[in-house]
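See below for the structure under consideration.
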Amino acid sequence: MNKRVSPIGKADGTTFENLAERVKNVHNATSSVAKGAVNQLLTIRNWAIGCYIVEYEQEGSDRAKYGVRLLQNLADKLSIKGLDRSMLNICRLFYIRYPQICATVSHKLQMIDNSKYPISTQSLNNVGKERSNEICDSVNHKFMTPPEILLTHLSFTHIREILSIDDPMERFFYELECIKGTWSVRELRRQIDTKLYFRSGISKKPELLLQRVEKGGADAVLSVKDAYTLDFLDLNAKDEFSETELEQAIMNHLQEFLLEMGKGFCFEARQKRIIIDDEYYFIDLVLYNRLLHCNVIVELKVGKFHIEHAAQLNAYISYFKDCEMVDGDNPPIGILLCTEKGPKMVQYVLNGMDEKLFVSTYKLQLPDKQQLENFLIKEVKEMGL
């Protein structure tokens, strides 16, 4: 880690006792301000605490005494509710990953009446500028949410979810879309879990994908993705594999697959046997969505979409309507997963068929990063950042 200079004041001869005092002061000063500004000040406090910790790790005169137990010792010394070892570590990570907000934090702290709990804010030293360039440059464009927007539009609970992401460009994507779509923390967590960032890179029309996400609420649950990312299956797209092998790989990673499918999905059956006109047929996967109260029939194909695939899935949907639905169930949904599809052919084939039949593609590898960068540049321009 590069050596840092504290942007909010450096005390002479920094010691562990001095570190604890500075953390207490910034906590007390921000806690004493009117409750209306609590969310923003909590974010500011946490960044400042992270700054103090990193500075002590680098320059503390007695830092060798504490070593790897520094955060635990500090938490014990402070005895402040909510500032345990885990939270102090998050504050430290926040400071390291968001150096660009140093000037804004220092300015906000200076505006607080801190006569009772003095906060040292002298001499901004351009801290963090040496790391700002790490936040993904693309030609002359920087993927960096302006500090004021970050502090005023995202709570620290939102930021905490985003901090778990290592890739700076991916963090920026979720900051941007969270602000744009006014996501709740739960919605943000769901979009991270279902890899919206990568799905946007794969989708041929990411704008439409994100528009569906921005609707939020119950409507977001109903959306079937145009493309699913199944990189967790450990299958190589260049290798040949059968539908049985694809199905088995999904069963081996069932939890990840259900998360990728969306909200509320539960596993019900694999190779479910049904009888139509005295002949046996086997459905690849039968899921149930507890939020939609309906079965979801999934058919897997290892190649391109063909007309007969839709007819097969439509027959399965009709069978479930007649023979499997129980009181309280809504009509079943059918999803055909294939590696490739022609949009016009899908449109013509599905015209007149059950409106709850969908054809989606799946990718076994993540998209090219340049594709994601180009999309983000477009998003930034549209938002005027």
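Throughout, read-outs are computed from the coordinates displayed, never taken from laboratory work. Values in this document were obtained by computation on a predicted structure and should not be read as measured data. Glycine gets a Cβ as well: all are built from the backbone with ideal geometry, and neighbour counts include every protein chain shown.
A few points about this structure:
- Amide H to amide H, with H built 1.01 Å from N, D62 comes under 5 Å of F16, counting only residues 5 or more places away or on other chains.
- Normalised by 2.2 N^0.38 Å, where N is the number of residues, the alpha-carbon radius of gyration of the stretch 231-363 equals 1.04.
- Derived scalar couplings ³J(HN,Hα) [the stretch 226-232; Karplus, 6.51 cos²θ - 1.76 cosθ + 1.60; whole Hz; x for Gly, Pro]: 6, 9, 10, 9, 10, 5, 6
- Fewest-first sequence of I333, I276, I96 by Cβ atoms within 10 Å of each Cβ: I276, I96, I333
- Less than 5 angstrom separates the built amide H of L357 from those of G334, all sequence-distant by 5 or more or on a different chain.
- Inter-label distance, nm, simple model (7 Å from Cα along the C-beta direction), T339/D327: 4.8
- Coupling constants for the stretch 269-286 follow from the phi torsions by the Karplus curve (6.51 cos²θ - 1.76 cosθ + 1.60, θ = phi - 60°), and in residue order they are 7, 10, 6, 5, 8, 10, 10, 10, 6, 6, 10, 8, 10, 10, 8, 4, 9, 10 Hz; glycine and proline get x.
- Taken over the stretch 152-200, the ratio of Cα radius of gyration to 2.2 N^0.38 Å equals 0.99.
- Ordering S79, S106, S318 by the number of other Cβ atoms within 10 Å of each residue's own Cβ, fewest first, gives S79, S318, S106.
- Legend: distances between Cα atoms for K225/K272; K225/K356; K195/K356; K180/K381; K263/K344; pairs beyond 18 Å are K225/K272; K195/K356; K263/K344.
- Size of the stretch 38-102: Rg and Dmax of its alpha carbons, in Å, are 11.8, 35.
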